[in-house]
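Input: a single structure, listed below in structure tokens.
The values are calculated or read from the model by the stated rules, or taken from the named source; none is laboratory data. Keep in mind that what you see is a predicted model, and the values were worked out from it rather than measured. Here the Cβ is made from the backbone with ideal geometry for all residues, glycine too, and neighbour counts use every protein chain on show.
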Amino acid sequence: MSGEKAIEYDYGSCIAFVIGLEIACGLMAGFAFTGTVVVLTSLGDPSTFLSQLSLAIMYSAVIIFLRALFELHFLNITVSIQSPKPIIPCSGPLAGWTVLNRSMFIGSFLVMTSIPVMFLLKNLVLLFALSICAAVLGNLLFYFRRWIPIRKAMEAKGIV
């Protein structure tokens, strides 16, 4: 044990790396969302199997990329909490972490539910039912499995 070296992490580089991944995931989620809207609005007959399959795949991509985006966001928060130097401001004009995280959570839920509503507008009831269930279940799981532990860690550190 005495010969082991303490590992010093480069928190700044870690956060910079994760930010690059967040940008890529946000771009891909936007692309999948836009693709879904374009396909929905330009479909001649959206009730065909291939149309519904392509819409389901694109909606799944939106969910996957938004989940990755939030996982990366919470990775950034976790790294910031563990940093020996304060990274997340606890006071001042940049201290609105609760509002920021709540806005991101609600905004992503609205994006994830807007696509199922578009499915319903095109009378794709089965796709609507499956996708709205996925949106609600995904957000509930994310809230209880990710957000609550991160919030407790932030509270323990005195950030929230």
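Quick check on this structure: which one of SER54, SER131, SER80 is touching a residue at least 24 places away in the same chain (Cβ under 8 Å), hydroxyl-bearing (Ser, Thr, Tyr) and more than 21 Å from ILE15 (Cα to Cα)?
Result: SER131 is the single residue among SER54, SER131, SER80 that is touching a residue at least 24 places away in the same chain (Cβ under 8 Å), hydroxyl-bearing (Ser, Thr, Tyr) and more than 21 Å from ILE15 (Cα to Cα).
Looking for whichever is in a helix (DSSP H, G or I), hydrophobic (A, V, I, L, M, F, W, C) and touching a residue at least 24 places away in the same chain (Cβ under 8 Å) here; the options are LEU27, LEU75. Which one fits?
LEU75
Table: residues versus (1) in contact with a helix residue (DSSP H, G or I) (Cβ under 8 Å, 6 or more places away or on another chain); (2) crowded, with 18+ Cβ neighbours inside 10 Å; (3) closer than 20 Å to PHE142 by Cα.
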site	(1), (2), (3)
ALA32	yes, yes, no
LEU40	yes, yes, no
ASP45	yes, no, no
PHE49	no, no, no
LEU55	yes, yes, no
VAL62	yes, yes, yes
ARG67	yes, yes, yes
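So which helices (runs of 4 or more DSSP H) stay within region 81-160 end to end and still have 3 or more residues that are at pLDDT below 90, under 27 Å from ALA56 (Cβ atoms) and of a type in the set (Val, Ile, Thr)?
In region 81-160, the matching helices (runs of 4 or more DSSP H) lie at 97-121.
Going by the structure shown, is VAL125 touching a residue at least 40 places away in the same chain (Cβ under 8 Å) and either closer than 30 Å to ALA156 by Cα or of a type in the set (A, V, I, L, M, F, W, C) (or both)?
No; evaluated as a whole, the condition is false for this residue.
Can you tell me which residue is nearest to ASN76 (Cα to Cα) among those in region 102-116 that are over 13 Å from the mean Cα position of the chain (by Cα) and touching a residue at least 12 places away in the same chain (Cβ under 8 Å)?
The qualifying residue nearest to ASN76 (Cα to Cα) is THR113.
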